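See below for the structure under consideration.
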Amino acid sequence: MLELPDPRTLYAALTARDPRYEGRAFVGVTTTGIFCRLTCPARKPRPENCRWFARPQDAQAAGFRPCLRCHPTGLQADAVVARLAARLRAEPERRWSEAELQALGHDPSTIRRAFKRHFGQSFLQMARAERLRNGMRTLTKGAQMIEAQLDAGFDSASGFRAAFARLFGHPPHEWRGAADLRADWIDTPLGGMIAIADDRALHLLEFIDRKALPQGLRRLSGFVGGRIGLGRSPVHDLAEAELRDFFTGRKPVFSVPIQLHGTDFQQQVWQALRQIPAGQTRSYAGLAASIGRPSATRAVARANATNRIALVVPCHRVIGADGTLTGYAGGLWRKERLIAAERAYAGDDGPTGLDGPSGLDGRGLAL
């Protein structure tokens, strides 16, 4: 048994997200049954609800499940990735570069490959997304542009505006006025997502690194007359809570109300996607047949690709006729992990046919 500091010292390290304890101590939260790294960005539990462990396996032996936000078991095999991920969480505003990685003794190409292996994106991409998120949150609170720029870690206002516009499809000053729809950021184990909603329904939910995100935002802006701003509504809160339940294995079905923007045919396809149970897949031809359009396989595939409400409208459950994973704009690595993780919802660990429970391996979401 490895020696741990006293609980008071550990709790102080937890609240400070002290990177010195990375890999040395873990906290189990009795109210949730989940255990985390001490650097986890999640809300901190009360001291009386904490149990402390020297190793992830000790926490698991005590009945705690690994956190899907800080992945206390997923990075143990790669200490360099674990250390840099902890630095990123501790310094989200820092502007990292390849030169800085080299100064720390790392080969940038090696780090890029390692982070893509664990997270599906490079360390520098993750760092840039963190800076943009900080700037977005500052703008949401009504701060001046210069404050948002500094929070995002950019040297100039023009640099921040350009990066913001590339990501969201609008310059940031267009997102601060009165608006019918509000955009906010939601963290998930598979990366950050942008959620756009009003007080009644969710209109868009996309991973932030999707290449077509700016195009999707512009199309949505056209549907609603450009009335999109920054902020949050109760629909955002419900979507975030249901995403958390989905990723922790508590609830496979989303009840958050949605508003679909598309042609009648597209909406028919999207509604059919919502009928595919978690843990099962369909081929494009099978999906076309289910809506009574067996000859419209290609049109169904195009409609599937234009879905703008990821996960809630589960386009990731559609695969190729030969069983291969094809056509997921959020990244095939995400599609593979989603389908594999959803096997738990099917209640059947054995492989079955194409349009039954997925035959992929059960690696889950340990990133």
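Looking only at segment 267-284, count every residue that is assigned to a helix (DSSP H, G or I) and either surrounded by fewer than 18 Cβ atoms within 10 Å (Cβ to Cβ) or at pLDDT 95 or above (or both) and tell me the total. Give the steps one after another, and end with the answer.
First pass over segment 267-284, keeping only residues assigned to a helix (DSSP H, G or I): 267-273, 284.
From what's left, either surrounded by fewer than 18 Cβ atoms within 10 Å (Cβ to Cβ) or at pLDDT 95 or above (or both): 267-273.
Qualifying residue count, segment 267-284: 7.
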Members of segment 300-317 found to be within 20 Å of R218 (Cα to Cα) and without any contact (Cβ under 8 Å) to a residue 24 or more places away in the chain, listed by number: R302
Could you list, in sequence order, the residues of segment 210-230 that are assigned to a loop (DSSP other than H, G, I, E, B) and surrounded by 19 or more Cβ atoms within 10 Å (Cβ to Cβ)? R210
Test Y345 against the stated conditions and say whether it is at pLDDT below 95, under 17 Å from the mean Cα position of the chain (by Cα) and either outside the structural domain of G216 (by TED's automatic domain parsing) or not basic (K, R) (or both). no
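Table: residues versus (1) closer than 30 Å to I34 by Cβ; (2) within 21 Å of the chain's Cα centre (by Cα); (3) not acidic (D, E).
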| residue | (1), (2), (3) |
| --- | --- |
| G249 | yes, yes, yes |
| A288 | no, no, yes |
| R293 | no, no, yes |
| N304 | no, yes, yes |
| V312 | yes, yes, yes |
| D322 | no, no, no |
| L332 | yes, yes, yes |
Mind listing whichever residues of segment 29-68 are buried (at least 23 other Cβ atoms within 10 Å of the Cβ) and farther than 16 Å from R244 by Cα? R37, L38, T39, A59, F64
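The values are calculated or read from the model by the stated rules, or taken from the named source; none is laboratory data. Please read all numbers here as calculations on a predicted model, not as lab measurements. Here the Cβ is made from the backbone with ideal geometry for all residues, glycine too, and neighbour counts use every protein chain on show.
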